[in-house]
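For reference, the structure is listed below as structure tokens.
Coordinate-derived values only; no laboratory data. Computed from a predicted structure; not experimentally measured. Because the Cβ atoms are built from the backbone with ideal geometry, glycine has one as well, and the counts that use them run over all protein chains shown.
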Amino acid sequence: MLDSFIPVAFAVAPNPLGLPSNLKLTTIPIDAYTCFELWMPTANGTLLPEEAMLLRGDRARLEDICAKLTDFMGATLASSTASNHTEPSVQTPTHNWGAIRRKLYEAGADFDAIGVTYLPQVIYPSLDQESGLPAWTLQQSGWSISFLTLHPIATGFRSDALPLTATIAFGQSITKRLQAVPVVTSQTCLHGR
């Protein structure tokens, strides 16, 4: 019998020799009871050689976790432009991590490490695409996968994210135009009697 979607031993990030100064240990939730760890570069993106080796060595474990999530929920691949606006390059979700890898290979997007960010469920105002009227959109929770390249520099390595990301999520966003509901205050109720 299975105990956890991600086995506990597999969910734990490798322990580095010494305390990494340019990496942050991050815990990514899967559900209320399951999570996994990974090391993420800090904002400056500069890494010591040992830190770069740790990220490269952990790539296979993280790809296995991403493959399991993709198989279960599906993933889409997106290309990021300079304006940080994401345009999908694979609009139909795939349930095969190998298909994501093939698209990356076809795009010449070789990477050394993986970063994962949890995207919580969120409701935000938007416009109904059909009518142009105000609406609300429910964005399902999911995970954004960034692909990192490590470039040698004088002090070690520099970490850069490729302009491609994969998003793993169950279901699509839902946008719904809501009818305006009159708000009745307690004073109106008292005077109306």
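Residue by residue through the range 10-22, what is 3J(HN,Hα) from phi via Karplus (6.51 cos²θ - 1.76 cosθ + 1.60, θ = phi - 60°)? Round to whole Hz and write x for glycine and proline.
My calculation for the range 10-22 gives 7, 7, 8, 5, x, 8, x, 7, x, 8, x, 9, 10 Hz in order.
Counting only other residues whose beta carbon sits under 15 Å from that of Asp110, what net charge do I get with K and R as +1, D and E as -1? Numbers along the way, then the final one.
Values: positive: Arg56, Arg59, Arg101, Arg102, Lys103; negative: Glu63, Glu106, Asp112, Asp160.
Overall, the nearby charge balance is +1.
Give me the net charge for the shell around Gly98: Cβ to Cβ below 15 angstrom, other residues only, Lys and Arg +1, Asp and Glu -1.
Values: positive: Lys68, Arg101, Arg102, Lys103; negative: Glu63, Asp64, Asp71, Glu106.
Net charge around Gly98: 0.
With a sphere of radius 14 Å drawn around the Cβ of Val12, what net charge do the other residues whose Cβ falls strictly inside it have (Lys, Arg +1; Asp, Glu -1)? Please list the in-between numbers first.
Working: positive: Arg61; negative: Glu37, Asp58, Asp64.
Local charge sum for Val12: -2.
Under the definition of Cα pairs under 8 Å and six or more residues apart, what whole-number percent is the relative contact order of the range 8-177?
Details: 316 pairs, mean separation 37.1, N = 170.
That works out to 22 percent.
Compute the length gained on full extension between Asn15 and Asp31: take 0.36 nm times their separation in residues and subtract their Cα-Cα distance, giving the result in nm to one decimal.
Stretched out fully, the Asn15 to Asp31 stretch lengthens by 3.4 nm.
What ranking, highest mean first, results for peptides 52-64, 7-19 when packing means the other Cβ atoms within 10 Å averaged over each residue? Intermediate results must be reported in sequence, preceding the final value.
On the way: 52-64: 16.9, 7-19: 11.4.
Highest mean packing first, the order is 52-64, 7-19.
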